[in-house]
Amino acid sequence: MAKKKKIAVIFGTRPDTIKLAPIILELKKRTAHFKVVTIATAQHRQMLDQVLEVFKIKPDHDLNIMEPRQTLATITKNTIEALDGILEMEKPDLVLVQGDTTTTFVGSLAAFFRHIPVGHVEAGLRTNNKAHPFPEEINRRLTSCIADLHFAPTSAARRALLREHVDPRSVFVTGNSVIDALNISVKARYRFSREDLNKIVAMQRRILLITMHRRENLGEPMRGAAMAIRRLASMFPDCEVIFPVHLNPRVREVVYPVLSRIPNVHLVEPMDYSGFVNLMAKSYLILTDSGGVQEEGPALGKPVLVLREVTERPEAVEYGTAKLVGLNEEKIVNTARKLMENSRAYNEMARATNPYGDGRAARRTVGIIIRYFGLSRALVKEFRPGISV
């Protein structure tokens with residue numbers, strides 16, 4: 001029997017942990033093939049811990065690098081120093097990173113310095129604008145320069161990598177593991193820890209779910225979106241607007257003056273992952289600048305209005321499950337109003353094909369890693385949007 005391969009999985013924020021969790025769980029099923037080492041940088045402490053609890057994952061190494069008022073430079077410095085020591089000690093055969101966080105780039109760089117192969121989950125997302133989103137676009141590109149295995153969520157992401165001359169033999173279309181995570185977490189009879197949310201859901205009124213947090217949207221651009229939400233709440237007093245407000249003070253100083261004290265607008269504290277995805281499942285319409293929500297909403301059949309000028313997830317727009325509306329007050333109001341008033345327009349978005357997968361991305365990813373190490377010759381089916389595999 002071939003020697004077990006040690007796989008180090010590095011994560012640091014809520015989004016990358018959500019998408020790596022199904023892969024970690026799938027790797028841990030394959031005890032004949034793998035020893036799994038989980039490494040949390042804790043770039044984001046509280047939100048990371050909530051996700052780990054949902055998926056029952058306890059990190060083997062917790063670097064706990066988060067500091068008050070940390071900058072991208074301090075995150076980078078603290079992460080690479082801590083990771084280097086862990087990788088020297090563990091000597092993994094492969095490092096897995098996910099997405100576009102600073103932890104992702106620095107984790108791949110630390111592995112490269114130690115001559116350890118890197119697998120990049122959710123590879124190939126691009127806006128082709130290094131400032132949008134910042135710093136995520138550059139984190140993705142730099143990670144792609146280092147990675148040995150590229151797990152692209154869609155065919156469009158694969159094509160983006162091939163345009164950058166990535167070896168096609170190293171690129172695999174798997175679907176997005178966020179769908180795997182949703183399938184684990186969304187429950188038909190979910191009960192929220194907040195009783196006010198249970199009461200709102202029980203009213204069976206249409207719910208508009210809002211999230212905003214991106215760095216490039218802070219300040220005056222975000223105020224435009226907040227004003228649009230205020231107008232929509234007034235136009236549709238029979239709906240309930242729920243806005244989990246990010247902890248960033250620059251978000252709160254815009255949102256609270258515009259949206260507080262409106263009867264059908266509920267400004268709530270950030271929600272844990274399980275509560276948030278179950279609230280998405282019960283929502284009517286989602287307005288967001290989040291990348292992950294652009295994938296999760298379509299999987300739940302919820303139209304998504306993207307509060308950004310560009311997106312690295314163009315598939316949702318192309319397939320009709322999402323619309324780019326930017327931060328312009330009038331465009332947001334007019335687009336949302338049409339979906340609220342026109343059931344045909346709404347249903348066209350709600351019923352459009354979800355381009356992000358069938359909930360088997362983790363299984364495909366692990367199968368590819370097995371083949372990479374020559375542990376099995378079994379073929380791994382490629383995922384293509386709209387095709388059952």
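All of the numbers you see were taken from the coordinates with simple rules; none came from a lab. If you're wondering where the values come from, they're calculated on a predicted model, not measured in any experiment. Positions of Cβ are generated from backbone atoms using ideal geometry, with glycine treated the same way; all protein chains shown enter the neighbour counts.
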* **region 222-254 versus region 1-37: alpha-carbon centroid distance in Å** => 38 Å
* What is the count of Lys pairs in region 9-132 whose alpha carbons sit under 16 Å apart, if the two are 8 or more places apart or on different chains? -> 9
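Loop-only check: which chymotrypsin sites (Phe, Trp or Tyr not before Pro) in region 216-303 are DSSP coil with at most 11 other Cβ within 10 angstrom?
none
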* Proximal lysine pairs, region 195-350, alpha carbons under 14 Å, eight or more residues apart or interchain -> 5
* What whole-number value in cubic angstrom gives the convex hull volume per residue for the C-alpha atoms of region 1-122? -> 91 Å³
* To do: Express the C-alpha Rg of region 227-285 as a ratio against the empirical globular expectation 2.2 N^0.38 Å, rounded to two decimals.
  => 1.15
* Structure fact -> Semi-axes (Å, rounded, descending) of the ellipsoid equivalent to region 195-350 per its C-alpha gyration tensor are 20, 19, 16
* **FRET efficiency, Ser260 to Glu195 (Cβ-Cβ, R0 25 Å, nearest 0.05)** => 0.75
* Asked: Expressed as a rounded percentage, what relative contact order does the chain have, with Cα pairs under 8 Å and six or more residues apart?
  -> 15 percent
* State, to one decimal in nm, how far the label point of Lys130 lies from the label point of Met89, with both points 7 Å from Cα in the Cβ direction. => 3.6 nm
* Structure fact -> With bins of 10 Å, the percent of all Cα-Cα pairs of region 88-189 per bin from 0 is 16, 44, 29, 9, 1
* Structure fact -> Highest mean packing first, using Cβ neighbours within 10 angstrom, the peptides 216-224, 255-263, 291-299 sort as 291-299, 216-224, 255-263
* Give the label of the value calculated from the structure for Kirkwood radius over Cα pairs in Å, choosing from [x] 21.4; [y] 23.8; [z] 25.0. => [x]
* How big is the gap, in Å, between the Cα center of region 274-352 and the Cα center of region 62-133? -> 30 Å
